[in-house]
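The values are calculated or read from the model by the stated rules, or taken from the named source; none is laboratory data. Here the structure is a predicted model, which is why all the values come from computation and not from measurement. Quick reminder, even Gly has a Cβ in these numbers, built from the backbone with ideal geometry, and neighbours come from all protein chains shown.
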Amino acid sequence: MDRVRVRYAPSPTGYPHIGNIRTALFNWLFARHMGGSFIVRIEDTDQARKVEGAVESILDSLRWLGLDWDEGPEVGGRYGPYFQSERLDLYQRFARQLLESGQAYRCYCASERLSQMRAEMAERKEAARSYDRRCRSLSPGKAGDLESQGVPSAIRFKAPLEGQTAFQDLIRGEITFDNSELDDLVLLKSDGYPTYHLANVVDDHFMEVSHVMRADEWLSSTPRHVLLYAALGWRPPLYAHLPMILGPDKSKLSKRHGATSVVEYRDRGFLTEAMVNFLALLGWALDDKTEVMGRDELIRHFSIERISKTAAIFNQDKLQWMNGVYIRQLVEKQGHAEFARRALPFLESGLPERVKRPIDGEYVVRITPLAYERVNLLSELPARIDFFFLDELDYDAGLLVVKGMDRETAIAALRGCLQRLGGGPFDHTAIEGVMRSLAEELGLKPGPLFGLVRVAVTGRTATPPLFETMAVLGRDRCLRRLESALARLESSHAA
RNA sequence: GGCGCAUUCGUCUAGUUGGCCUAGGACACCUCCCUCUCAAGGAGGAGAUCGGGGGUUCGAAUCCCCCAUGCGCUACCA
């Protein structure tokens, strides 16, 4: 087999979504596995749909996932340029060549006529062909007239009227189409820009792309591409049509499915490691049990043979679980400081405004060990640990009425805490010792006592381990909060 | 409507040339253990007559045919 060269060829019409980027990932994994090249090519041939900033967001998404490209925007390469809008002369040249060899023709039909024609066909429920081939048989004289009148024209491919076109798909096997189903697709639009079909064939040829791995939605147009290669006298690449990623409603993923853009996942606190791993599992599997795999492992094992044929629905729950796995793994392998470093931006943006900025990184490193295994997304962190940063706790005094303890006992318990925590060491073992003996003296079970103090000190019922939490909060803050809780209890006349 | 592709637990999937599948794993769900709460972790449970119907075969989720359903394409969009 020749050198492996694959490409990711997005069109800059918006933020890449999960499906787009999964295609990029598969191409990248394949290239890295085979020691080949991963090319990024921007297919900006639709002037109308172009979106400002889209290229940047595409590259950002790739960078975030760590999908480095060997050729393409910013890095260049020997096969450039990598923006189709800069290769117009190439496409025009081959459109002209096809015209001259009689394999294409000029079409002067106005798009209004075409859409009207399609509407009528649909109305009559006719076997729809998108174009009635009117200009295919235009006499040279008539064509000349239209030309001299300045009627704009597109160049259409003269598709064979009969026979069949077949090709091997690496994932689906042999695919066959009757040529009678094919229409005369436009190669060059009247504005001089190529359509996807022409541009993709010309570019893949000249960029020496060996494998075209693209979404399933392209399967239907592949025979036209194969025919185009033949018309140009070129050898087509190998094709692998990837199963699509569907929205929860099982339809093609689009903006209307909510959180689908890749960058959004970054902003919601997903780790790139988890994202890469999870995306790789959408349509590909190593075996019947291995799921958590790092980048290197993915590269080592990736193969087209193990790509599945069936479309997949994106399962957010599982992604979140996997992100949790990676968070814990990150702490294990790279330590708390690294986790804190990644968490910091989310704290900066997610903690209440009244918390002083910048957030103290040193302090965060002491807190995150208590929180990292209680969170699946970095963005969940602020809400989970905000009480470490607030001066005034805001909570319902009713929470202080713990099950198994009446108001009087609670008041006595808080007073006991205040008394005994005023001096002596304030590390978590010392605190625990004090609290346990206090429970014993008051004839209380430890559980309810701890629950009461938990609410007093954090304002909530679910928190990291109490004594560690108190140690990090520090004696002063704990005492102040215990006093405040006491005051709340005393002033309340609740039953 | 036409064409193409697909169809295994709710979801992601394993199921190499038919037998080891009374269909395996994971997420989510439930129970229990651990435990100061919440998590994490551990152990279990429930959940798929492999879309349906016909074949072929000693034997089929795996091969063939038909049907159904879903999705995709059917643009001078990609």
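Structural remarks
- Count of residues meeting criterion [within 16 Å of RNA strand B (Cβ to nearest atom) and under 28 Å from A:Arg5 (Cα atoms)] in the range A:238-252: 9
- Among (1) farther than 20 Å from A:Val40 by Cα; (2) within 13 Å of RNA strand B (Cβ to nearest atom), the one test that A:Ala215 misses: (1)
- One residue from A:Ala462, A:Ala439, A:Ala412, A:Ala430 being closer than 16 Å to A:Leu489 by Cβ and assigned by TED's automatic domain parsing to the domain that holds A:Leu489: A:Ala412
- Within the range A:148-165, if we keep just the residues that are assigned to a strand (DSSP E or B) and either at pLDDT below 90 or of a type in the set (S, T, N, Q) (or both), the residue that is surrounded by the most Cβ atoms within 10 Å (Cβ to Cβ) turns out to be A:Thr165.
- Which listed residue is acidic (Asp, Glu), in a helix (DSSP H, G or I) and either within 30 Å of A:Val365 (Cβ to Cβ) or at pLDDT 95 or above (or both), from A:Glu440, A:Glu483, A:Glu490: A:Glu483
- Contacts under 9 angstrom Cβ, first residue in the range A:163-181 being farther than 20 Å from A:Ala240 by Cα, partner of a type in the set (Lys, Arg) and near RNA strand B (Cβ under 8 Å from one of its atoms), 6 or more apart: A:Glu181/A:Arg129
- Filtering the range A:253-274 to residues that are buried (at least 16 other Cβ atoms within 10 Å of the Cβ), outside any loop (DSSP other than H, G, I, E, B) and within 14 Å of RNA strand B (Cβ to nearest atom) leaves A:His257, A:Ala274.
- Only a single criterion out of (1) under 27 Å from A:Asp44 (Cβ atoms); (2) more than 9 Å from RNA strand B (Cβ to nearest atom) is not satisfied by A:Lys142, namely (1).
- Residue in the range A:36-49 that is within 16 Å of the chain's Cα centre (by Cα), charged (D, E, K, R) and surrounded by 18 or more Cβ atoms within 10 Å (Cβ to Cβ) present: no
- Members of the range A:177-205 found to be over 21 Å from A:Leu138 (Cβ atoms), under 36 Å from the mean Cα position of the chain (by Cα), more than 6 Å from RNA strand B (Cβ to nearest atom) and part of a strand (DSSP E or B), listed by number: A:Pro194
- One residue stands out among those in the range A:459-477 that are surrounded by 17 or more Cβ atoms within 10 Å (Cβ to Cβ) and β-branched (Val, Ile, Thr): the one that is nearest to RNA strand B (Cβ to nearest atom), which is A:Thr463.
- Matching residues in the range A:218-230 - criterion: being hydroxyl-bearing (Ser, Thr, Tyr), touching a His at 6+ places or on another chain (Cβ under 9 Å) and within 7 Å of RNA strand B (Cβ to nearest atom): A:Ser221
- Test: residue in the range A:321-344 that is in a helix (DSSP H, G or I) and touching a strand residue (DSSP E or B) at 6+ places or on another chain (Cβ under 8 Å): no
- Search result, residues across the range A:62-103 that are within 13 Å of RNA strand B (Cβ to nearest atom) and part of a strand (DSSP E or B): A:Phe83
- For the range A:388-410, filtered to residues that are within 12 Å of RNA strand B (Cβ to nearest atom) and surrounded by 17 or more Cβ atoms within 10 Å (Cβ to Cβ), the residue that is farthest from A:Glu338 (Cα to Cα) is A:Val402.
- Positions within the range A:350-370 being in contact with an Asp or Glu (Cβ under 9 Å, 6 or more places away or on another chain) and surrounded by 14 or more Cβ atoms within 10 Å (Cβ to Cβ), in sequence order: A:Gly350, A:Leu351, A:Val355, A:Ile359, A:Pro369, A:Leu370
Residues are listed down the side, and each one gets a yes or a no for (1) closer than 30 Å to A:Leu170 by Cβ; (2) in contact (Cβ under 8 Å) with a residue 40 or more places away in the chain:
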residue: A:Leu286; (1), (2): yes, no
residue: A:Phe302; (1), (2): yes, yes
residue: A:Thr310; (1), (2): yes, yes
residue: A:Phe314; (1), (2): yes, yes
residue: A:Gly335; (1), (2): no, no
residue: A:Phe339; (1), (2): no, no
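- Selection of the range A:221-257 for residues being polar (S, T, N, Q) and without any contact (Cβ under 8 Å) to a residue 24 or more places away in the chain yields only A:Ser251.
- Of all residues in the range A:271-284, those that are farther than 12 Å from A:Gly66 by Cβ and without any contact (Cβ under 8 Å) to a residue 24 or more places away in the chain have Cβ atoms under 9 Å from Cβ atoms of residues that are within 11 Å of RNA strand B (Cβ to nearest atom) and not hydrophobic (A, V, I, L, M, F, W, C), 6 or more apart or on another chain, in A:Leu281/A:Glu291; A:Leu281/A:Lys318.
- Considering residues of the range A:320-349 that are hydrophobic (A, V, I, L, M, F, W, C) and within 8 Å of RNA strand B (Cβ to nearest atom) only, the residue surrounded by the fewest Cβ atoms within 10 Å (Cβ to Cβ): A:Trp321
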